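The values are calculated or read from the model by the stated rules, or taken from the named source; none is laboratory data. Since this is a predicted model, take the numbers as computed values, not measurements. FYI the Cβ positions are ideal-geometry reconstructions off the backbone, even for glycines, and counts take in every protein chain you see. For accessibility, only protein heavy atoms count, side chains too; no ligands or nucleic acids. Shrake-Rupley method; radii C 1.70, N 1.55, O 1.52, S 1.80 Å.
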Amino acid sequence: MDFWLSDDERDLQEGIRSFVEGRFPLEEIAEREETEAVIDLDRWREIAEMGVFSLRVDGFDNRSAVVAFEELGRGLVPGPIVATHLTAGLIDGASEGSAVVTLLETDATATVLDHAGQATDVLRFVEGGAERLDPGSLSLAAIDRPLDTLTPVWRVDGDVESGTEIAGDADAMRLAGTLLTAAQLVGVAAGAVELATAYAKEREQFGRPIGAFQAVKHLLAEMYTKTDVARSAVYAAACALDGAADDDVDRAVSVAKLMAGEAALFGGKTGIQVHGGMGFTWEVHAQRFWKRAVSLDATFGTVDHHSMRMAEMIDVRSGA
Amino acid sequence: MDLRYTEAEQEFRHELRSWLQSVLPDVPAEPGPNDWAARREYDTGWQKMLYEAGYAGINWPREYGGRGATPTEHLIFLEETEQAKAPYVGMNFVGLLHAGPTLVVEASDEQKAARLPGILKGDDVWCQGFSEPGAGSDLAALGCKAVRDGDQYVVSGQKIWTSFAHVADYCELLVRTDSDVAKHRGITWLILPMDSPGIDIRPLRTMEGQIEFAEMYLDEVRIPVDNRVGDENDGWRVAMTTLSFERGTAFVSEMLQTMELCRDLATFAERLGRWDDHGVRRDIGRIAAELDALWALTKRNISEATRTGLVGAGGSVFKLAYTDLRHRLGEVALHLLDRASLSQDDIGDLATGDHVQGRIHGLKMSIAAGTTQVQKNIIAERLLGLPKEPKWTSG
Ligand SMILES: Cc1cc2nc3c(=O)[nH]c(=O)nc-3n(C[C@H](O)[C@H](O)[C@H](O)COP(=O)(O)OP(=O)(O)OC[C@H]3O[C@@H](n4cnc5c(N)ncnc54)[C@H](O)[C@@H]3O)c2cc1C
């Protein structure tokens, strides 16, 4: 057993991290906010050139993929990266970044589709399979005030007609999608801890950095702890999906999504608290981590959803 | 990353499993919590069996009588013994997990030869005399005084919370040998034979109702200088070796037990007809998930130890998350138990006692071996680089 990033995994992590830092500075990302086109399509193609969308089609495993997606989450890179990645090789242009594929979840409380304005294709999981829909076939109403302004959303009205079937193992796609969203969430949580920790070292009150106050220190320690525990769960689930662990795959993926959602939501809100009044401003990025956490938590099942799934998987030896 | 066990690791597991199957039927029933003579017999008897089969001191180096197992094999050992419901390390805890490993790293050859075999064979029980009434979290503030008199130290002072002091043969004792320097620099680590004249042990009752730890008064107790481990006034560094051990694999067995407790609670909810309750399912489902995640973290920490030889602050991350979980699991359990939570004994044919006792256990876990608040300080300072706690004392 070796629960440690391999040299290749570490290289990939560093490669994606410097790509994200270089090509997706938060200041630039934020400039496109509140438009229907938060995705810079040139940059989207660069993501494709980095091999992110085609990663697993190109023979990389889920372990490499979670390492890469964590970095994309950490940098708040906008766009339906997971859905586009899932359909690489299945929907034209997904691998190359000429397509923007977004995920439609119709079994939720409300049918709300993100990134519809720039989407070329829509992915939907249905009973026993997956299908591709044309965004034009949907009755879409733009939402004026999305929660995460880097995740613009549309209300889908009326019934959604069936699309064309997508080849490939839909269950495996759904599991991978859940896992990679969890990886992004771990990145969001980690990004929130880093931002808040840096602020706590620099902001002074009562003649000392606020990070010297235990109340603040302890919040940051809790953020870090939740993030690191969630990261362990995400890596372990990736191993399970790759057959590099004996654990039950469904269970491991639910654990990963739940822990990552919780870490990101906690990290997001606590990061705002640590920033004080600045945390509530538009300008400071703390809010963006929390908003992305909410948006990704509600993709491929919330913390609550996966807690209930876990309960189903507990072996209740009735009468025992 | 690869979580699969290698062939050698699997072979180790199989051998251990079949050994456990062959010997466990011969292990007597576990004695009651207050029958100390029987408990000693039981805990050290199991240690002897491990020793004879070559499993004692699983992670200790071979040259000192251990098995020299890798951290992963150590994990497998803990997993298998727990699954087979083999006896827990019990009162051998300090010897095997604290004092012994410290001696392995820090003691002289003579000291090793004299003390290590007794721990491995289950002949000697050790206790830890670190905490004092005035020095708990701030351990370095300890004042138990040792004055050099020829080839002996004369030690006077008081220790507290000394687990198993009333049954131990030896104590890893921290004493103050210099009061005029910074507090960390005047501490010395000594081996105290518990039959030395001048030791008065006054057992303390824990909130569980049992005796587990004691106050230990030392009145001019004479300890040979030969019993000093490390240099005079270098005891703080020596003690830190022990503490980093404590935060590594020390809680694995009990975390595996907690997984069982969590499954049990779900079964219990089912029997009460509450397993359809959305809130109950969500709470228990979530705790079960956290336990899986902590198991994953444990493996990561084990692999870190394999790769780097250190546990690092990952042990603090684990302890913080684990003890917090124990509190929440206990709270869910007590609410579910409702009136049955008023009894530490099982009510009727419902196995409720374990859950009530488990709740109490959680309260201890967030205090012993570094409180939750101290763990958070460690994580914030060592992993996040935040400012250190202010020094209020002259030290
Ligand atoms: C079951 C059990 C077994 C034990 N066994 C042993 C043993 O065998 N040998 C031994 O030597 N000791 C033993 N201990 C002692 C244990 O290590 C101490 O209780 C522990 O370190 C806390 O010290 P204290 O009790 O003095 O609490 P204190 O240090 O007085 O702490 C009281 C409260 O103040 C908080 N606090 C203290 N300092 C800080 C700080 N800097 N920042 C924030 N909060 C702070 C603590 O978190 C806690 O909530 C045992 C304890 C228990 C409960």
Quick one: Cα centre-to-centre distance for the range B:255-274 and the range A:225-269, in angstrom? 22 Å
What's the ranking of A:222-231, A:172-181, A:27-36 by average number of surrounding C-beta atoms within 10 Å, highest first? A:222-231, A:172-181, A:27-36
About its Cα centre, what dipole magnitude does chain B give when the only charges are +1 on Lys and Arg Cβ and -1 on Asp and Glu Cβ, stated in debye to the nearest 20? 1080 debye
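How much area per residue is accessible in chain B when the probe is 1.4 Å and only protein heavy atoms are counted (Å²)?
44 Å²
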How many percent of the accessible area of the range B:247-383 is carbon or sulfur, using a 1.4 Å probe? 48 percent
What is the gain in length, in nm to one decimal, between A:Asp107 and A:Asp7 on full extension, counting 0.36 nm per residue of separation less the C-alpha to C-alpha distance? 31.9 nm
Could you check how many percent of all C-alpha pairs in chain A are farther apart than 28 Å? 39 percent
Can you give the FRET efficiency to the nearest 0.05 for A:Asp171 and B:Glu220, using r as the Cβ-Cβ distance and R₀ = 60 Å? 0.20
Kindly compute the accessible surface that chains B and A hide from a 1.4 Å probe when together, both sides summed, and give it to the nearest 100 Å². 4900 Å²
Between the helical axis of B:109-120 and the dominant principal axis of chain B, each derived from Cα atoms, what acute angle in degrees is found, rounded to the nearest 10? 30 degrees
Across 5 Å bins from the origin, how do the percents of Cα pairs in the range B:7-88 run, short distances first? 3, 13, 24, 25, 17, 10, 5, 1, 0
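Which whole DSSP H helices in chain A pass both tests: a Cα extent of 30 Å or more along the axis and a mean Kyte-Doolittle value no lower than -1.0?
Helices meeting the span and hydropathy rule in chain A are A:170-202, A:214-241, A:249-274.
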Take the solvent-accessible surface of the protein heavy atoms, probe 1.4 Å, and return the percent of it on chain A that carbon and sulfur atoms account for. 47 percent
Just round it to a whole percent: the fraction of Cα-Cα distances in the range A:170-318 exceeding 23 Å. 40 percent
Taking a threshold of 25 Å on the Cα-Cα distance, which of the pairs B:Lys85/B:Lys112; A:Lys291/B:Lys388; B:Lys85/B:Lys299 fall above it? B:Lys85/B:Lys112; A:Lys291/B:Lys388
Which percent of the accessible area of the range B:39-92 is formed by carbon and sulfur heavy atoms (probe 1.4 angstrom)? 47 percent
Diffusion constant of the range A:192-280 at 10 °C, which comes from Stokes-Einstein with the Kirkwood Cα-pair radius and 1.306 mPa s, µm²/s: 112 µm²/s
For the range B:72-108, list residues with backbone N below 16 Å from a point placed 7 Å from the Cα of B:Leu24 toward its Cβ? B:76-89
Principal axis extents for the range A:7-166, Cα atoms only, whole Å, descending order, please. 49, 36, 26
Protein-protein interface of the range B:264-312, residues with accessible area decrease of at least 50 Å², isolated chain reference, 1.4 Å probe: B:Thr267, B:Arg281, B:Arg282, B:Arg286, B:Ala289, B:Asp292, B:Ala293, B:Arg300, B:Ser303, B:Arg307
Prolate/oblate/rounded label for the range B:127-233 (Cα gyration tensor, a/c 1.5): oblate
Expressed as an acute angle from 0 to 90° and rounded to the nearest 10, what is the orientation of the C-alpha long axis of helix B:36-53 relative to the principal long axis of chain B? 90 degrees
What is the angle, in °, between the Cα long axis of helix B:7-23 and the longest principal axis of the Cα atoms in chain B? Nearest 10 is fine, range 0 to 90. 90 degrees
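Could you do me a favour and compute the accessible area per residue for chain A, 1.4 Å probe, result in Å²?
Solvent-accessible surface per residue comes out at 41 Å².
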Which peptide among B:302-308, A:139-145 comes first, and what is the full order, when sorted by highest mean count of other Cβ atoms within 10 Å? B:302-308, A:139-145
The simple spin-label model distance between B:Asp345 and B:Lys388, using points 7 Å out along Cα→Cβ, in nm, is 5.4 nm
Minimum 50 Å² accessible area buried by the other protein chains, the range A:1-27 residues, probe 1.4 Å, relative to alone: A:Met1, A:Asp2, A:Phe3, A:Trp4
Equivalent ellipsoid semi-axes - Cα gyration tensor, the protein assembly as shown, angstrom: 51, 29, 23
Given 0.36 nm per residue, what is the gain on full extension from A:Glu127 to A:Ser162 after removing their alpha carbon distance, in nm? 11.5 nm
Residue-averaged 222 nm ellipticity for chain A, from DSSP H runs of 4+ at -39500 (n - 2.57), nearest 500: -16500 deg cm²/dmol
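Over all directions, what mean area does the Cα convex hull of chain B project, stated in square nanometres?
Reported value for the Cα convex hull: 21.1 nm².
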